[in-house]
Amino acid sequence: MIKEQFYLFTFHSTHSAMEAQKLLKDCRPIIMPTLRSISSTCGISIRIEEANLLQAKSIICKEPSMSGMVILYRIERVGKEDIPTRITDF
């Protein structure tokens with residue numbers, strides 16, 4: 001049984017994560033450490049709730065500096081376990 005679901009933008013560099021935080025300010029981003037199960041990125045991620053996902057994806061897609069720097073995951077939290085599913089690369 002899924003207790004919680006959210007989306008996580010991960011980044012290839014800390015600089016990209018910081019820039020994305022500014023770009024996504026109207027999407028109610030939550031900065032958090034990248035989950036261990038997807039730790040191949042820079043270590044900083046941005047959590048976005050489903051209600052803000054379309055707006056966030058649109059902003060990231062339109063920003064040339066984000067090209068090739070972002071991976072989007074859907075996270076399903078079951079009990080204490082986080083199950084990531086890779087959605088797309090930007």
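The values are calculated or read from the model by the stated rules, or taken from the named source; none is laboratory data. Keep in mind the model is a prediction, meaning the values are calculated, not measured. All Cβ positions, glycine included, derive from the backbone under ideal geometry; neighbour counts span all protein chains shown. Surface areas here come from the heavy atoms of the whole protein model, side chains and all, with no ligands, DNA or RNA. Shrake-Rupley method; radii C 1.70, N 1.55, O 1.52, S 1.80 Å.
Relative to the dominant Cα principal axis of the chain, helix 14-23 is inclined by about 80°. Dipole magnitude for the chain: about 80 debye, using +1 per Lys or Arg Cβ and -1 per Asp or Glu Cβ, origin at the Cα centre. Neighbours of Tyr7, meaning other residues whose beta-carbon lies under 15 angstrom from its beta-carbon, give a summed charge of 0 when Lys and Arg score +1 and Asp and Glu score -1. Ligands, DNA and RNA left out, the 1.4 Å accessible surface of segment 1-81 is 53% carbon and sulfur atoms. Residues of segment 57-90 with an amide N closer than 12 Å to a point placed 7 Å from the Cα of Arg47 along the Cα-to-Cβ direction: 75-77, 82. In the assembled protein chains, Leu23 presents an accessible area of approximately 50 Å² (probe radius 1.4 Å).
Under 5 Å between amide hydrogens, built in the peptide plane, is the criterion, and for Thr34 it picks out Gly43, Ile44, Ser45 among residues at least 5 positions away or on other chains.
What the phi angles of segment 77-84 give under the Karplus curve with 6.51, -1.76 and 1.60, with θ = phi - 60°, is a coupling list of 9, 10, x, 9, 9, 9, 10, x Hz, glycine and proline written as x. For the chain, the longest principal axis of the alpha carbon atoms and the long axis of helix 53-62 meet at an angle near 30°.
Under 12 Å from the Cβ of Gly79, count the other residues' Cβ atoms, weight Lys and Arg +1, Asp and Glu -1, and hand me the total.
Values: positive: Lys3, Arg77, Lys80; negative: Glu4, Glu76, Glu81, Asp82.
Net charge in that neighbourhood comes out at -1.
Accessible surface computed residue by residue for the chain, with neighbouring protein chains in place and a 1.4 Å probe, gives 59 Å² per residue.
Spin-label model, Leu54/Lys22: points 7 Å from Cα along the beta carbon direction are separated by 2.8 nm.
Would you mind computing the Rg to Rh ratio of the chain from its alpha-carbon coordinates, Kirkwood style for Rh?
Expressed as Rg/Rh, it is 0.94.
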